[in-house]
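Colleague: This is the structure, below, for whatever I ask next.
Since every read-out is calculated from the coordinates, none of them should be taken as a lab result. Bear in mind that the values here come from a model prediction, so they are computed numbers and not experimental data. Reconstructed Cβ throughout: ideal geometry from the backbone, glycine too, with neighbour counts over all protein chains shown.
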Amino acid sequence: MQIEIKIDGLSFVNMQLNEAVLAKLLGGARAVEGVPRSTPITVVQTQDLLSRIDAKSVQFLKQIAVNGGEISWGEMRRIFGISDAAAGGWTEFSSSYGKGITRALRNLTGDKSARLVCWNDDDWPDGGRAGAWDDCKVFIDGLALKSLREATGIA
C-alpha cells in the first residue's frame, strides 16, 4: 500500500506500507480502556497529599487503593460517619472531606482544575430511599491510582 501525505500541494510523506505487518501489529494492540479522569500525580506528590489531609480522608484514600481504585458510598459513609440521608450525606462529604482533598491536591499541583476522586453521574440515582446510594461508587484512576497504591504500600 502506498501512502502519500501532502501539505499545500507539496509531498510531505511518501512511503510504502507493509499491510501484513500493519495487520499483525494492530491485531495485537489492546483497546484503550479510556482516558483517566483523575489528575495524574507522582508518588512523592501523593505522599505529600496524604500528609496534608485529615486522618479520615487518608483512610478513605487508602481504602480506595486497597479496593483497586474504587469505593462504595456505603463504605464512605462508614469511614466519614455520614448519615444515611442520600443527598444530605453527599453534601456533608463534598463540603468538608471532599473539598479538603481537592483543595490540598490543587495547592500541591498548582492546577486549579485538578481532581482526584471521580464518579459517573449516571450511576447515582436522583434522590430516593435510604440506602439507595450504598452500592454507588467513586473512583481514582490512571497514574493517580498507581501512585496512591505505591504511596500507601498497596502496590
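Colleague: Projected onto the charge dipole of the chain (+1 at Lys/Arg Cβ, -1 at Asp/Glu Cβ, origin at the Cα centre), which of I64, V21, I154 gives the Cα projection farthest towards the positive end?
Modeller: Sorting the options by dipole projection puts first I154.
Colleague: Oh, and also: How much length is gained if the chain between I7 and D122 is pulled fully straight, taking 0.36 nm per residue apart and subtracting their Cα-Cα distance, in nm to one decimal?
Modeller: Extending this stretch completely gives an extra 37.0 nm.
Colleague: Relative to the present Cα-Cα distance, how much length would full extension add between A155 and L108 at 0.36 nm per residue of separation?
Modeller: Length gained between A155 and L108: 14.7 nm.
Colleague: Still on this model: Can you compute the modelled spin-label distance between R37 and A55, with each label point 7 Å from Cα toward Cβ, in nm?
Modeller: Going by the 7 Å Cα→Cβ label model, 3.1 nm.
Colleague: Next up: Cut-off under 19 Å on the C-alpha distance; same-chain residues fewer than 8 positions from K56 excluded. Which lysines are left, in chain and number order?
Modeller: List returned: K99, K137.
Colleague: Nearest 20 debye, what's the magnitude of the dipole of the range 43-151 about its Cα centre given +1 on Lys and Arg Cβ and -1 on Asp and Glu Cβ?
Modeller: 480 debye
Colleague: Of the peptides 136-146, 92-102, 3-13, how do they stack up when ordered by the mean number of other Cβ atoms within 10 Å, highest first?
Modeller: 136-146, 92-102, 3-13
Colleague: Helix 43-52 versus the longest principal axis of the chain: what angle, 0 to 90°, nearest 10, using Cα atoms?
Modeller: Here the helix axis deviates by roughly 20 degrees.
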